[in-house]
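Here is the structure we will look at, set down as structure tokens.
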Amino acid sequence: MAAKTKMGALRALALTASLGLLLTGCAGKDQALELPEGHAPLPSSAGPSAPAGPSAGAQEQLTTAQLAVASGISMAARLGFDQARVINGQELESLKEAPQDSLNGVVVIPSQCSEVIESLNWSPVQMGGEGARTDFLTDKIAATGSVEVAKVADKPALEKHYGTVLRMLTECKKISLHQESETVPFTTQKPVVKEGQADSAILWTRAKPGQAMRQQALVLVKARGDYVGMVSFIATDGLDSPQFAQMAGEILNAALTQAG
């Protein structure tokens, strides 16, 4: 049990935080964007803005990142994901810090991939600038997704992440995670996406079918203008189906149309 608990500390790696969240809230629709249950309706004056003061009017304005995420979630709703949960406040702030020592007690084989796999714990808001995130799901599909958009405040950090993904897809595409008496495989592959749909794309699988630690994650990242978006799916199985890469690409494209 201790091994499973510590292995769970990987925190789904690239997703950085659990997506298995209770989704609550009320339904709301904006004139331009159809939003799923759990996503608050956008203000009637919705548009990108950097609030200049404490006035009610300024507070109603959305940042570019928030509007981009809402646009991505609207596409997710059209694809059948009818529930959502906005990540904000302290919960969003906590995502700005990369997980520390997420491989505590875990031996990575080969050892040179240890730092690489730990660096996969990345998300756009870690760059420290303006950012927004919303998670989404539906009872009809056994996967949970996330849309995250942030201003590129640290371009070297973004380029470093691209390098991490590249290393995971080449020199570290087949590794093992060992702790105490348990050893599970960890493999990566590049999902099939349309040309220009993502700057970085990875599908990773942990453990074999039927094992308690079995998990898959699909992550697409793309920059446009001063912003970068990330769309992720996490599930026990099935993310290697082409439909998930296609949906992730469509959601990411919809989000970044607001960031150009």
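The values are calculated or read from the model by the stated rules, or taken from the named source; none is laboratory data. Nothing here was measured: the structure is a model prediction, and the numbers come from that model. Cβ atoms come from the backbone with ideal geometry, glycine included; neighbour counts cover every protein chain shown. Areas reflect the complete protein model, heavy atoms only, side chains present, ligands, DNA and RNA absent. Shrake-Rupley method; radii C 1.70, N 1.55, O 1.52, S 1.80 Å.
The Rg/Rh ratio of region 103-258, with both radii computed over alpha carbons and Rh defined as the Kirkwood radius, is 0.97. Subtracting the Cα-Cα distance of residue 246 and residue 171 from their residue separation scaled by 0.36 nm leaves 24.4 nm.
Computed from backbone phi with θ = phi - 60° and the Karplus coefficients 6.51, -1.76 and 1.60, the 3J(HN,Hα) list for region 84-90 is 8, 9, 6, 9, 8, x, 5 Hz; x is used for glycine and proline. Coupling constants for region 67-72 follow from the phi torsions by the Karplus curve (6.51 cos²θ - 1.76 cosθ + 1.60, θ = phi - 60°), and in residue order they are 5, 5, 4, 4, 5, x Hz; glycine and proline get x.
Approximating the spin labels as points 7 Å out from Cα along Cα→Cβ, the residue 182-to-residue 159 distance works out to 3.9 nm. Each part gets one Cα centre, and for region 75-100 versus region 177-215 those centres are 21 Å apart.
Rolling a 1.4 Å probe over the protein heavy atoms gives region 60-209 an accessible area of 46 Å² per residue.
Here region 125-165 has 51 percent of its accessible surface on carbon and sulfur atoms, given a 1.4 Å probe and all protein chains in place.
When the listed pairs 96/194; 160/194; 140/208; 151/173; 96/190 are checked against a 28 Å cut-off, the alpha-carbon distance exceeds it for 96/194; 151/173. Reported to the nearest whole Å, the Cα centre-to-centre distance from region 226-244 to region 104-140 is 13. Relative protection proxy for 79-91, 119-131, from highest mean packing down: 119-131, 79-91 (other beta-carbon atoms within 10 angstrom). Computed on region 106-192, the Cα convex hull volume stands at 139 Å³ per residue.
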